[in-house]
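Only one structure is covered here, and it is reproduced in the block below.
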Ligand SMILES: N[C@@H](CCC(=O)N[C@@H](CS)C(=O)NCC(=O)O)C(=O)O
């Protein structure tokens with residue numbers, strides 16, 4: 001999938017390795033907003049723009065952080081159409097799509113090319129862009145999360161200093177088996193690669209289920225970036241990864257603690273408004289013809305996310 005436009009870019013879902021494993025590429029734009037502005041990017045309200053997809057778990061992390069850190073007025077946002085076809089992400093009109101006010105792009109690749117004329121590579125969300133120069137600052141969700149932290153007003157931190165090392169270790173620990181694990185299972189093109197991905201995924205879910213039986217959040221009593229990183233994968237799990245990516249050893253709803261945790265984060269004020277299951281289902285089921293050639297989007301499953309989680313009382 002993907003194509004060359006004026007020799008400027010290519011995008012491909014993935015190039016499997018010799019054993020059929022999904023291999024995720026490195027992100028290209030890695031500048032930083034720093035508190036002292038020494039990077040050339042000071043934490044200035046009104047200066048930065050976020051490009052996201054509501055469907056994408058990586059982008060979703062940054063949308064939640066923007067809401068919880070009170071940055072909705074300070075950082076503007078554009079939302080792509082959930083369907084990703086041969087042209088990659090677009091701003092084609094649909095419910096929930098927010099067009100690009102900076103470059104008036106129709107295709108997301110145009111934002112990359114406007115930033116680096118010779119850019120070739122994957123065209124991904126999220127993107128944090130500097131409106132002053134029109135250039136992409138960074139397109140790695142985890143780094144964007146930490147940058148939003150420097151712009152935080154009076155809201156509670158999602159990466160408090162004393163917990164930072166543990167937050168970083170936790171984000172590292174869940175990345176390969178869980179966040180990327182669902183893709184390693186779903187995009188595998190050999191039985192062996194799929195089984196490797198799905199087995200590691202469920203072994204990790206079992207492990208974190210245990211951890212979450214002893215503490216409310218991954219790093220203790222405080223909601224942190226690490227929880228957002230886990231949440232955006234768990235939220236998509238039963239409606240999409242379980243069926244579409246064949247991650248079906250069991251559901252998240254079958255894990256009392258992971259399921260309670262999912263509802264706990266979702267019911268945190270500000271989070272539900274960032275969650276769009278319609279974009280999520282539309283994106284995955286319609287955009288991967290090798291996995292779902294009919295592009296039919298399933299109607300179910302019916303899931304009650306509003307059930308009280310009780311985790312506040314449990315870990316008081
Ligand atoms: N490492 C990146 C991954 C971002 C990513 O892979 N985003 C997906 C959407 S879920 C995307 O835009 N894919 C388009 C493509 O690969 O062509 C991050 O965490 O920000």
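Couple of notes before you dig in:
- Qualifying residue in segment 143-161 (condition: under 29 Å from residue 293 (Cβ atoms) and either out of contact with any strand residue (DSSP E or B) (no Cβ under 8 Å at 6 or more places or on another chain) or surrounded by fewer than 20 Cβ atoms within 10 Å (Cβ to Cβ) (or both)): no
- Taking the criterion of being in a helix (DSSP H, G or I), within 14 Å of the ligand (Cβ to nearest atom) and touching a strand residue (DSSP E or B) at 6+ places or on another chain (Cβ under 7 Å), the residues of segment 49-84 that qualify are 59, 62, 63.
- Filter pass, residue 41 being surrounded by 15 or more Cβ atoms within 10 Å (Cβ to Cβ), more than 14 Å from the ligand (Cβ to nearest atom) and touching a residue at least 60 places away in the same chain (Cβ under 8 Å): yes
- Residue check for residue 146: in contact (Cβ under 8 Å) with a residue 12 or more places away in the chain, closer than 16 Å to residue 50 by Cβ, more than 12 Å from the ligand (Cβ to nearest atom) and in a helix (DSSP H, G or I): yes
Residue by residue, here is whether (1) closer than 17 Å to residue 80 by Cα; (2) surrounded by fewer than 24 Cβ atoms within 10 Å (Cβ to Cβ); (3) at pLDDT 95 or above holds:
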{"residue": "101", "(1), (2), (3)": "yes, yes, yes"}
{"residue": "104", "(1), (2), (3)": "yes, yes, yes"}
{"residue": "121", "(1), (2), (3)": "no, yes, no"}
{"residue": "137", "(1), (2), (3)": "no, no, yes"}
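- Checked against (1) within 16 Å of the ligand (Cβ to nearest atom); (2) surrounded by 17 or more Cβ atoms within 10 Å (Cβ to Cβ), residue 30 meets all criteria but (2).
- Residues within segment 103-134 that are within 23 Å of residue 24 (Cα to Cα) and in a strand (DSSP E or B), tallied: 5
- Among the residues of segment 210-225, those that are crowded, with 18+ Cβ neighbours inside 10 Å and without any contact (Cβ under 8 Å) to a residue 60 or more places away in the chain comprise 212, 217, 218, 219.
- Scanning segment 261-293 for residues being assigned to a loop (DSSP other than H, G, I, E, B) and either touching a strand residue (DSSP E or B) at 6+ places or on another chain (Cβ under 7 Å) or within 27 Å of residue 311 (Cβ to Cβ) (or both) gives a total of 7.
The values are calculated or read from the model by the stated rules, or taken from the named source; none is laboratory data. Everything quoted here is computed from the prediction, not taken from an experiment. Note that each Cβ is placed from the backbone with ideal geometry, even for glycine, and that neighbours are counted across all protein chains shown.
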